[in-house]
């Protein structure tokens, strides 16, 4: 049962009334498999939303629809005032405004860290090379690996690679960041360094949608937690309420499984 | 502890003994031989057998090479000089080298293809070695026209007109490409064709401005012909193969359909058949009296053939890339051509290098097949004019050995370059 979309309850200086993403009655099928059912979601600028749920519940697909890596078949997605249609120009505009961080980093292995970060600004934004490199070094410093700039991704650890991936997205100066299980492929001791980077980003007021199982991160950073199951948004609430007082049985079961060990 | 002095104890060591050298069996040659040649009974047997085999081959080969006759005018003279001893008759190479290398190219103009050959290295250098200044690529772009002029001769206006046609096409393309790629492409092609058509009135056949003596295509032969065919066909089929590989992956059904049909058809037909088509059948389809150069026809066929194979090799490289690379490019807002050019192809081509080199070496050697349609390339020269002459009838080993050696040198060079390139592009080292 999809709940009605509640406005962010937590009073938060970073959250404005401006709408960043609005999804209305969105449906998606993989072949005959109905992955996403009647999704309604409004995200205001500055919100940090954590999406959780069992595997196969459609949470990754949902955020991949937002930057059109997956095509939705029914409903309307508006990102930053632009309606997602099949027009390629339209899609490219949205993609350059929306940063994405993947589970498997997806850095370009044939380019150095610096080139990874300057590629899109130079070719998509037509930024002069020197300026793009300055921006890249700024964000690499921010994720605390400026000294690795001239190495190749293969020479870095998983956590470092993921931080580079975040810096690479930031170099496009996106207004919205999507995180698709950013820590799931990392060794336990590397998770913290990536989460720290994300927390810092959240504190600066970035609009973030994050698919993750890091419940500590959700408690600390999110202003709203969304629980999905079988392609539907089952429950959404602010973190304290969500963890301490879950409403649906499905949510209770899920939380008992991931928190109860 | 302070009262322990050299004077109060019986012995204090003041210098360390020099480390003793390891036993002879643990160093140098002996160790290497033990580890690599005689590490087990089986290996010892194999080593001995190999040494025997090498010895046997050398006893056969060395006298043949060392006793070889380099100075004779016919095979009979060779035999008289050898007088029953083993020895090669290399005099045929000394006497006929110009036919083997240049075919029937006019002897006083050998400097022209030689110069083109030297320029070729200069033209390829910036393509093969990315650390050279990029400005040298201008020379690479001009090289085909210079080389054509040098080898075929005639007025310099012909290649200049062709070059200007390309430039005109490019200018129109770059004007229109902002609106849409298809429009730019079609506009560019139309502009180039119009330019060539118009320049046909200015550049007539007997234009004598800066003219080199013209050489007919049928006089171009020997190893030079193999090199020309190999270099031209490979340079054109590589971009064509990339386009076909991308076309086969395309989401546009018509492009995909034509790419698949083309690749499957060309791969399903033997090269020799295509060469016969170029030689005989194509003439039926051309307007009567039109003189479509045979070398050009053969070039087109070999290029199409090689591009189909290269396309499949590159498709393998494209398929080997994780989907995340495409998605990362997409999510950064790169458009199709940017993400192909900057992300996908550099990686896919790198994976495909061994396969592409395989096709390249095969293609280069396959250029000898043109001897079957009575073109006088290196093998055609050997089989035709040289072996058929009464003077040299029967000198098989020396001639074919020479041909094999020439091809080996070039193919080995290509292979060494590709291995160097693979090491250069390796980025996953720690």
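The values are calculated or read from the model by the stated rules, or taken from the named source; none is laboratory data. These numbers were taken from a predicted model, which means no experiment stands behind them. Neighbour counts run over all protein chains shown; Cβ positions are idealised from the backbone, glycine included.
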The residue from A:36, A:62, A:69 that alone is over 25 Å from residue A:202 (Cα atoms) and crowded, with 20+ Cβ neighbours inside 10 Å is A:36
Name the residue that is surrounded by the fewest Cβ atoms within 10 Å (Cβ to Cβ), counting only residues in the stretch B:298-316 that are touching a residue at least 40 places away in the same chain (Cβ under 8 Å) and within 30 Å of residue A:118 (Cα to Cα).
B:315
Please go through the stretch A:158-183 and pick out each residue that is closer than 18 Å to residue A:211 by Cα, in a helix (DSSP H, G or I) and more than 12 Å from chain B (Cβ to nearest Cβ).
A:159, A:162, A:163, A:166
Against the condition on the phi < 0 side of the Ramachandran plot, in contact with a strand residue (DSSP E or B) (Cβ under 9 Å, 6 or more places away or on another chain), surrounded by 19 or more Cβ atoms within 10 Å (Cβ to Cβ) and facing chain B (nearest Cβ under 8 Å), how does residue A:108 come out, does it pass?
no
Within the stretch A:77-96, which residues are in contact with a strand residue (DSSP E or B) (Cβ under 8 Å, 6 or more places away or on another chain) and either buried (at least 19 other Cβ atoms within 10 Å of the Cβ) or at pLDDT 90 or above (or both)?
A:77, A:78, A:79, A:84, A:94
What is the residue count in the stretch B:79-114 for residues that are more than 20 Å from residue B:147 (Cβ to Cβ) and part of a loop (DSSP other than H, G, I, E, B)?
8
Taking the residues in the stretch B:317-342 that are in contact (Cβ under 8 Å) with a residue 40 or more places away in the chain and under 28 Å from residue A:175 (Cβ atoms) as candidates, determine which candidate is farthest from the other protein chains (Cβ to nearest Cβ).
B:340
So which residues in the stretch A:122-157 are more than 9 Å from chain B (Cβ to nearest Cβ), part of a helix (DSSP H, G or I) and closer than 16 Å to residue B:338 by Cα, if there are any at all?
A:122
Is it the case that some residue within the stretch B:329-339 is at positive phi, touching a helix residue (DSSP H, G or I) at 6+ places or on another chain (Cβ under 8 Å) and either buried (at least 17 other Cβ atoms within 10 Å of the Cβ) or in a loop (DSSP other than H, G, I, E, B) (or both)?
yes
Count, please, the residues in the stretch A:45-91 that happen to be within 14 Å of chain B (Cβ to nearest Cβ) and either closer than 13 Å to residue A:22 by Cα or within 14 Å of the chain's Cα centre (by Cα) (or both).
13
Based on what the data block shows, is residue B:327 touching a strand residue (DSSP E or B) at 6+ places or on another chain (Cβ under 9 Å) and either under 30 Å from residue A:66 (Cβ atoms) or modelled with pLDDT of 90 or more (or both)?
yes
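How many residues does the stretch A:184-209 contain that are within 15 Å of residue A:14 (Cβ to Cβ) and outside any helix (DSSP H, G or I)?
6
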Tell me the residue from B:383, B:423 that is within 12 Å of residue B:222 (Cα to Cα) and assigned to a helix (DSSP H, G or I), please.
B:383
Would you mind stating whether residue B:295 is in a helix (DSSP H, G or I), touching a strand residue (DSSP E or B) at 6+ places or on another chain (Cβ under 8 Å) and in the same structural domain as residue B:241 (by TED's automatic domain parsing)?
yes
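Residues checked against (1) farther than 28 Å from residue B:294 by Cα; (2) loosely packed, with under 14 Cβ neighbours inside 10 Å; (3) modelled with pLDDT of 90 or more:
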site: B:135; (1), (2), (3): yes, yes, no
site: B:154; (1), (2), (3): no, no, no
site: B:164; (1), (2), (3): no, no, no
site: B:202; (1), (2), (3): no, yes, no
site: B:206; (1), (2), (3): no, yes, no
site: B:226; (1), (2), (3): no, no, yes
Residue within the stretch B:343-355 that is more than 14 Å from every other protein chain (Cβ to nearest Cβ), touching a residue at least 40 places away in the same chain (Cβ under 8 Å) and in contact with a helix residue (DSSP H, G or I) (Cβ under 9 Å, 6 or more places away or on another chain) present
yes
Taking the residues in the stretch A:222-236 that are in contact with a helix residue (DSSP H, G or I) (Cβ under 6 Å, 6 or more places away or on another chain) and buried (at least 22 other Cβ atoms within 10 Å of the Cβ) as candidates, determine which candidate is nearest to residue A:61 (Cα to Cα).
A:228
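Only residues that are under 28 Å from residue A:28 (Cα atoms) and either surrounded by fewer than 20 Cβ atoms within 10 Å (Cβ to Cβ) or out of contact with any strand residue (DSSP E or B) (no Cβ under 9 Å at 6 or more places or on another chain) (or both): list them for the stretch A:240-249, please.
We begin by selecting, within the stretch A:240-249, every residue under 28 Å from residue A:28 (Cα atoms); these are A:242, A:246-249.
Within the stretch A:240-249, A:247, A:248, A:249 qualify.
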